[in-house]
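**Q** Let me begin by handing over the structure; questions about it come next.
The values are calculated or read from the model by the stated rules, or taken from the named source; none is laboratory data. Only a predicted model underlies this, so the values are computations on that prediction, with no experimental measurement involved. Positions of Cβ are backbone-derived with ideal geometry, glycine not excepted, and every protein chain shown enters the neighbour counts.
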Amino acid sequence: MLEFFAKGGTVMYPILLCSILALAIFLERLWSLAPRRVVPAKLFAQVERLVLDRRRDEAIGLCRASDSALARIMLAGLFDLPHGRERMREGMRDAADRESGQLERFIEALGTIASVSTLLGLLGTISGMIEIFSVISTDQTVNPPALASGISEALITTFAGLTVAIPALVAYKFLQARVDGDLRELEHMAVRLVALVEGPPEARDLHAVS
């Protein structure tokens, strides 16, 4: 493996760095985007029940105890609830914007790594081709072993670049789709919470509850 790496030339070092960064970002995002950290399964139902029972303070405490994007968005709405539904919507919208930035964090970097890895592989290919033509231009007779180094560099760096770029691109698309789905779910939950306050007769006076 080390011999294979060495034959690829100096371009292999940034390709290796790209692979490490891509893996680190993917694992970190998987951990950060776990359902319990974004949209916990039972949290909204519990908050919904407390709000309908006019137990706003308990709903706030429940949201504070949950380290999730949904909890922080609902918490903003519950804090602003006494000031009216419009203020509640604005507070939840601002919180959702902040959470959106956190959910999308580092994901664009994966797309960049995929592009850069491909270009680095191409750079290594060009470097290997330059070495090949350099040998051809200086030797009167073509010596296959003398060309082997350049050919190896060209092929190995292309292979390495694509080996990093393809999984990075797949991970980028996967995480992007997952975040888009989470954001739609968060928006749906926020709308339901506002509708809960506006709709049921027993919840219409919740803005007066401290």
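**Q** Go through the range 1-13 and count every residue that is loosely packed, with under 15 Cβ neighbours inside 10 Å and either modelled with pLDDT of 90 or more or of a type outside the set (A, V, I, L, M) (or both).
**A** Going through the range 1-13 one residue at a time, the tally reaches 5.
**Q** Let me ask something else. I'd like to know if the range 5-13 contains one or more residues that are outside any helix (DSSP H, G or I), under 29 Å from the mean Cα position of the chain (by Cα) and of a type in the set (A, V, I, L, M).
**A** yes
**Q** Keeping to the range 86-142, report how many residues are under 32 Å from the mean Cα position of the chain (by Cα), of a type outside the set (Asp, Glu) and assigned to a helix (DSSP H, G or I).
**A** 31
**Q** Shifting gears a bit: Out of Arg85, Arg72, Arg56, I need the residue that is under 14 Å from Glu187 (Cα atoms) and in contact (Cβ under 8 Å) with a residue 24 or more places away in the chain. Which one?
**A** Arg72
**Q** Which of the residues spanning the range 67-85 are more than 20 Å from Trp31 (Cβ to Cβ) and not in a helix (DSSP H, G or I)?
**A** Matches in the range 67-85: Gly84 only.
**Q** In the list Val39, Val47, which residue meets the criterion of being within 18 Å of Leu186 (Cα to Cα), within 20 Å of the chain's Cα centre (by Cα), crowded, with 18+ Cβ neighbours inside 10 Å and hydrophobic (A, V, I, L, M, F, W, C)?
**A** Testing whether each residue is within 18 Å of Leu186 (Cα to Cα), within 20 Å of the chain's Cα centre (by Cα), crowded, with 18+ Cβ neighbours inside 10 Å and hydrophobic (A, V, I, L, M, F, W, C) leaves just Val39.
**Q** What are the residues in the range 1-47 that are closer than 14 Å to Tyr172 by Cα and either touching a strand residue (DSSP E or B) at 6+ places or on another chain (Cβ under 7 Å) or acidic (Asp, Glu) (or both), if any?
**A** The answer is Glu28, and nothing else.
**Q** Which one is nearest to Gln102 (Cα to Cα), of the residues in the range 39-66 that are modelled with pLDDT of 90 or more and in a loop (DSSP other than H, G, I, E, B)?
**A** My answer is Val39.
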